[in-house]
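Below you'll find the structure, written out as structure tokens, and then a few comments.
The values are calculated or read from the model by the stated rules, or taken from the named source; none is laboratory data. Every value quoted in this text rests on a predicted model; they were computed, and no experiment measured them. A quick note on method: Cβ atoms are made from the backbone with ideal geometry, for glycine too, and the neighbour counts reach across all protein chains shown. Ligands, DNA and RNA are excluded from the accessible area calculation, which covers all protein heavy atoms including side chains. Shrake-Rupley method; radii C 1.70, N 1.55, O 1.52, S 1.80 Å.
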Amino acid sequence: MIEHARRLVRYRGLLWNLALSELKAKHRQTALGMVWALLQPVSLMVVYTIVFSLFVNVPVGDSPYALFAYVGLVTWLFFSTSVSAGTASVVAQMNLITKANFPREVIPLSKLIASGFDFLIGWGCFMILLAWYGTPLTSAWCVFPWILTVQVLFIAGIVLWGAALYVLKRDVGSLLPLVLQVWMYLSPVIYPADLIPSAYRAFYLLNPMAAVIEAYRSVTLGGAIPPLAVMAPATVIALTVFVSGYVYFKHTEVRFADIM
Amino acid sequence: MSLPEPMIEFDKVSKCYNQQPKTFRESLACLSGRSARGNPSEDAGFWALQDVSFNVKRGETLGIIGDNGAGKSTLLKLMAGITRPTQGRVDVKGRISSLIELGAGFNPDLTGQENIYLNGAVLGLTRREIDGCLQQIADFSGLGSFLTMPVKYYSSGMYARLGFAIAVHVQADVILTDEILAVGDAAFQRQCLRKFKVLQNSSTIIFVSHDLARVKEVCSRVLWIRKGRLHCQGESGKVVEAYLQAVREDRDHDLRAGRELHHEPEERRSGTGEVEIVEIGTCTERGEPRFAFRSDEPLLVRIKYQLHGHSHDLGFGVNIMSYAGVFVHGTNTFIHGMALDLIKKTGVIELLYPNLPMVPGTYWLTAGATSDNNWSVPYDLRERVCKFEVLSTRRDGGLVCLEHHWSDPVEHG
């Protein structure tokens with residue numbers, strides 16, 4: 001494990017390079033370039049705001065629904081784009097995998113970094129929106145790095161699991177969009193977790209994506225530190241998923257070139 | 001300190017490729033990773049290599065020859081660490097640069113220069129190390145201002161140039177090559193060969209090629225892999241000769257046993273089918289099937305045909321191409337004004353080159369039959385239907401050995 005980590009550090013150049021190549025290739029071809037990173041969450045935000053605050057009134061507390069939905073969407077999109085791109089990535093790069101030797105995890109992880117850029121842009125825009133709505137910056141922001149770490153570890157874990165399983169069984173590719181769709185409705189992206197009956201809420205928040213989205217909202221919109229009862233289980237689960245995903249990926253990667 | 005240490009060690013290495021699991025239970029076992037290493041069931045798997053042991057010393061250039069599917073590529077993949085042996089031990093020291101496929105991993109949307117960094121990173125270089133050799137790579141590739149253009153606009157030759165330039169400039173201890181000198185035009189091939197000879201002084205090189213003349217020329221030692229086993233190893237000239245002899249015998253054997261001849265996977269076939277080219281082979285002057293020739297030896301191309309339907313003004317043609325695809329020579333019965341009046345359904349037509357003037361290398365044959373010299377709608381056109389080797393001790397470059405004589409220098413006052 002330590003040996004694997006050391007080798008990954010040695011190949012960090014490749015990790016950045018693949019992520020940057022992806023970004024450059026993605027944005028160079030399009031007329032709007034980087035604007036696309038914003039267009040997706042913003043347009044979804046507009047649609048959901050119209051549907052869920054005009055047509056159907058979803059109670060979201062004091063903050064405007066647009067901001068409420070935007071945090072959820074930006075966070076969710078980071079997860080879903082990383083997972084769908086990361087899962088397919090190893091199979092897509094088969095040409096490279098059967099021709100050169102390097103730590104294979106750089107391929108799915110580079111997808112995570114690439115969608116991380118979009119996430120950062122999304123957050124930058126969110127800060128501007130917060131200022132626009134006059135939401136105050138509070139000391140609760142100091143747990144922001146913790147939430148981000150949990151989120152990234154969890155995404156990395158899922159991406160590693162998905163990428164390795166997809167090489168072994170292509171069924172994963174067909175299953176994934178369905179899983180992501182269901183998962184989104186099981187996470188408080190467009191509605192608040194308060195709507196979940198309190199009997200099930202603790203169970204509901206075991207989903208690290210639910211915990212992360214609620215925690216971000218609590219920090220940015222509520223100005224409150226998220227409760228430890230939400231963050232602690234999410235941290236443990238995210239860490240477990242990450243470590244098991246990494247171990248499983250390294251365990252199966254020796255066979256990748258043979259299976260293709 | 002000067003004692004050459006083994007850079008590559010293979011100790012009783014075997015590699016078995018498992019069939020994909022078929023049932024759900026097998027899939028579960030596969031997912032749990034139980035079959036990840038060790039005991040694959042012998043009946044389900046395909047043994048690509050069995051019990052191969054050898055050493056390669058620092059600074060040595062080792063050639064690997066063998067038929068298609070003998071296990072050469074598996075051997076390279078094991079050396080590169082792309083795949084693991086099923087049994088035995090593989091030990092490779094130092095940095096490996098793999099030229100197994102030039103430009104594998106180029107991102108078509110990125111520029112040449114960006115791809116240099118990407119490909120360098122794949123080979124394990126840091127950004128600073130690539131900065132250090134960027135200029136050399138750019139100079140060697142000769143691509144100049146094309147480097148700022150996305151590589152999707154490159155020709156296949158430019159693609160290969162860039163791939164080669166990167167792979168040879170990363171200061172690797174071990175360089176793995178597969179048919180490497182068969183790319184690009186003649187000038188670039190010569191440039192590659194020169195660079196290759198420089199690298200031979202500093203690196204350990206594994207050279208896999210079907211170009212037996214080149215193997216003989218550049219390698220000090222050769223391994224011959226036959227059906228997954230190390231058939232023999234030794235001084236390059238001897239092994240190559242033994243291999244050629246065996247190829248000849250195999251072919252004789254195939255013919256006697258009436259089995260189908262080895263089919264070239266690169267073949268392209270087209271035509272309307274009224275006349276079929278059943279078989280095409282290369283022979284000696286006396287009609288014995290043969291696969292390797294020496295420069296200036298006679299070459300007989302034998303075409304077996306069969307008439308299926310009505311044909312009109314029938315004629316046959318033969319082209320010779322170099323391995324890299326350069327058209328060396330082509331002729332047909334129309335050019336020679338031959339009127340073929342065929343009555344029987346089957347037959348043989350032969351084309352004799354009394355002395356083959358080509359330089360060493362691998363050559364492709366294309367044969368066809370058509371009507372009225374119209375090759376855009378042939379009866380049967382079999383491109384790259386078979387290949388033959390030309391061996392020579394001559395070192396002339398180019399495609400053909402033109403008759404030539406050097407004068408003694410005449411010095412002026």
> Tell me, which residue of the range B:227-249 that is of a type in the set (D, E, K, R), open to solvent by 60 Å² or more (accessible area, probe 1.4 Å) and in a helix (DSSP H, G or I) is modelled with the highest pLDDT?
Replying inline: B:238
> Which residues, taken from the range B:68-97, are among the small types (Gly, Ala, Ser), under 25 Å from the mean Cα position of the chain (by Cα) and either facing another protein chain (nearest Cβ under 10 Å) or part of a strand (DSSP E or B) (or both)?
Replying inline: B:73, B:80, B:81, B:97
>> List the residue pairs whose Cβ atoms are under 7 Å apart, where the first residue sits in the range A:10-38 and is at the interface with chain B (Cβ under 9 Å from one of its Cβ atoms) and over 19 Å from residue A:102 (Cβ atoms), the second is surrounded by 17 or more Cβ atoms within 10 Å (Cβ to Cβ) and of a type in the set (S, T, N, Q), and the two are 6 or more positions apart or on different chains.
In response: A:25/B:107
> Going by the structure shown, is residue A:147 modelled with pLDDT of 90 or more, in contact with a Pro (Cβ under 8 Å, 6 or more places away or on another chain) and within 30 Å of residue A:9 (Cα to Cα)?
Replying inline: yes
>> Being assigned to a strand (DSSP E or B) and not small (Gly, Ala, Ser) is the filter here; which residues of the range B:49-67 pass it?
In response: B:49, B:50, B:51, B:52, B:54, B:55, B:56, B:57, B:61, B:62, B:64, B:65
> Within the range B:382-402, is there a residue that is open to solvent by 60 Å² or more (accessible area, probe 1.4 Å), farther than 28 Å from residue B:240 by Cβ and either assigned to a loop (DSSP other than H, G, I, E, B) or free of Cβ contacts under 8 Å to residues at least 60 places away in the same chain (or both)?
Replying inline: no
>> So residue B:172 passes all but one of these: (1) within 30 Å of residue A:29 (Cβ to Cβ); (2) small (Gly, Ala, Ser); (3) buried (at least 20 other Cβ atoms within 10 Å of the Cβ). Which condition number does it fail?
In response: (1)
>> I'd like to check something: does the range A:82-104 contain any residue that is away from chain B (no Cβ under 14 Å), in contact with a helix residue (DSSP H, G or I) (Cβ under 8 Å, 6 or more places away or on another chain) and assigned to a loop (DSSP other than H, G, I, E, B)?
In response: no
>> For the condition in a helix (DSSP H, G or I) and away from chain B (no Cβ under 14 Å), what is the one hit in A:202, A:163?
In response: A:202
> If you go through the range A:211-253, how many residues are surrounded by fewer than 16 Cβ atoms within 10 Å (Cβ to Cβ) and away from chain B (no Cβ under 14 Å)?
Replying inline: 9
